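Values quoted throughout were computed directly from the atomic coordinates according to the rules given, and no laboratory measurement underlies them. As the structure is a prediction and not an experimental result, all values here were calculated from the model. Every residue, glycine as well, gets a Cβ built from its backbone with ideal geometry; the counts of neighbours run over all protein chains shown.
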Amino acid sequence: MFLDVDLGTHYRRVYPSLKKQGEQHMALNVNSSGRRPRDLTTRLAFSREEEVCPQQGTEPMTVRSQHSYRLNMYLKHGPVVIGDVLYPPGGIFGPRIQRDYQLVVVHKGSLRLRLDGDWIDVAEGDGILLSPRHREHFHFSMDRETHHSWIAISPRFISPAIRKELEQQHGPAPFLGRMSSLLELARQELSISKENESLREEFYRGLAIATICDFASAARDEKGPKNPHAATLERLERCILRRYAEPINLLQMAQEAGVSRQHLLRLCRDNARGTPTEQLYVRRLEVAADLLLQTGLSVAETAEQCGFVNQFHFSRKFKQAFACSPLEWRTRFWSARVLVETEKSTILN
């Protein structure tokens with residue numbers, strides 16, 4: 001019996017001679033063209049590495065893994081698709097022809113991508129921007145699981161000028177800072193009623209374009225002359241962005257950066273940056289200041305959310321940075337907002 005398997009753009013047919021010894025689930029990467037399979041996973045059976053027959057005019061591919069491909073998330077909002085998937089060691093996806101502008105981010109593991117005949121290595125913590133009409137074949141890490149996310153948008157919703165720019169800046173490049181925050185925001189469901197579906201689609205379209213453009217800008221900068229120690233400093237930055245709310249110390253940050261404490265301190269000093277601990281507190285205070293303005297969390301709750309030892313420690317650090325207490329900061333902002341809204345109401349009336 002033949003089994004038809006949807007592998008993105010192309011269909012593949014598995015030889016009927018395969019002997020069933022187990023099952024695996026292959027997550028399907030569905031693009032924003034609106035074409036969706038009946039299920040998000042397809043059951044296949046393989047006893048060993050087996051060749052899968054391609055369509056005429058494309059090359060054979062091999063399915064190597066006997067483990068589960070876990071699709072953690074799949075969201076579709078109009079022209080935007082957001083997904084998150086975990087591949088086993090040795091996992092393969094493709095080949096396929098890309099239809100969208102798709103940003104792929106490797107959170108854990110690694111990716112070796114064959115793009116139109118060229119091999120591109122995407123390391124953990126990096127992203128790569130894929131453009132329409134290119135042939136892609138994904139080969140994931142052989143010795144560990146690979147966890148990656150993607151956000152894709154149909155080219156019909158991007159202007160010709162931006163398309164031209166995106167196609168010149170594919171990376172790979174580090175995925176961190178603002179673009180990481182944008183992707184995390186896109187991964188969260190927006191609480192909008194079905195009656196306002198157009199607002200939801202516009203929201204996610206804006207997020208997708210902002211995330212992809214921010215990455216393209218970073219990828220362009222990545223092509224320029226680089227500080228030989230940039231990779232170490234980038235690892236430190238990623239560590240702080242990811243773990244600022246944890247009780248992390250200098251030794252742990254140095255370990256994540258891949259150097260000794262003394263070497264990391266010297267690198268920060270030589271590159272006109274604050275110490276790792278100072279950078280950690282800058283991040284914590286930035287997040288705390290935003291939480292105070294945008295949420296109803298108490299000062300104690302804000303301190304806990306941002307990795308401070310206690311409320312008093314948080315208040316002391318906050319006053320040193322902003323020259324006012326957390327409550328004064330919140331009161332000033334909220335009072336100013338009420339005043340502006342009152343003035344607007346008076347003018348309208």
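The figures follow:
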| item | result |
| --- | --- |
| Near-label residues of segment 233-262 by backbone N, under 12 Å of a point 7 Å along Cα→Cβ of GLN305 | none |
| Residue order, fewest to most beta carbons within 10 Å, for THR146, THR275 | THR275, THR146 |
| Label-point separation in nm, ALA123 to SER325, each point 7 Å along Cα→Cβ | 4.7 nm |
| FRET efficiency, ARG133 to ARG242 (Cβ-Cβ, R0 30 Å, nearest 0.05) | 0.30 |
| Packing-based exposure ordering (other Cβ within 10 Å, fewest first) of ILE92, ILE153, ILE240 | ILE92, ILE240, ILE153 |
| Segment 230-333 shape via C-alpha gyration tensor axes, a/c threshold 1.5 | prolate |
| Residues whose placed amide H lies under 5 Å from that of LEU130, excluding near-sequence neighbours | GLN102, LEU103, VAL104 |
| Spacing of the two label points (7 Å from each Cα toward its C-beta) at ARG261 and LEU75, in nm | 4.0 nm |
| Table column - 3J(HN,Hα) (Hz), segment 311-316, Karplus curve with 6.51, -1.76, 1.60, x for Gly and Pro | 5, 5, 4, 4, 4, 5 |
| Per-residue HN-Hα couplings for segment 259-275 [Karplus 6.51, -1.76, 1.60; θ = phi - 60°; Hz; x = Gly/Pro] | 9, 7, 4, 5, 5, 5, 4, 5, 4, 5, 5, 5, 9, 6, 10, x, 5 |
| Label-point separation in nm, ARG156 to THR295, each point 7 Å along Cα→Cβ | 3.9 nm |
| Ranking of ILE209, ILE97 by count of other Cβ atoms within 10 Å, fewest first | ILE97, ILE209 |
| Selected from GLN169, THR146, ALA186, residue furthest toward positive end of dipole (segment 135-203; charges at beta carbon) | GLN169 |
| Modelled FRET efficiency - R0 35 Å, MET142 with LEU251, Cβ distances, 0.05 increments | 0.65 |
| Long-range amide H partners of GLY109 with built H, under 5 Å | HIS147 |
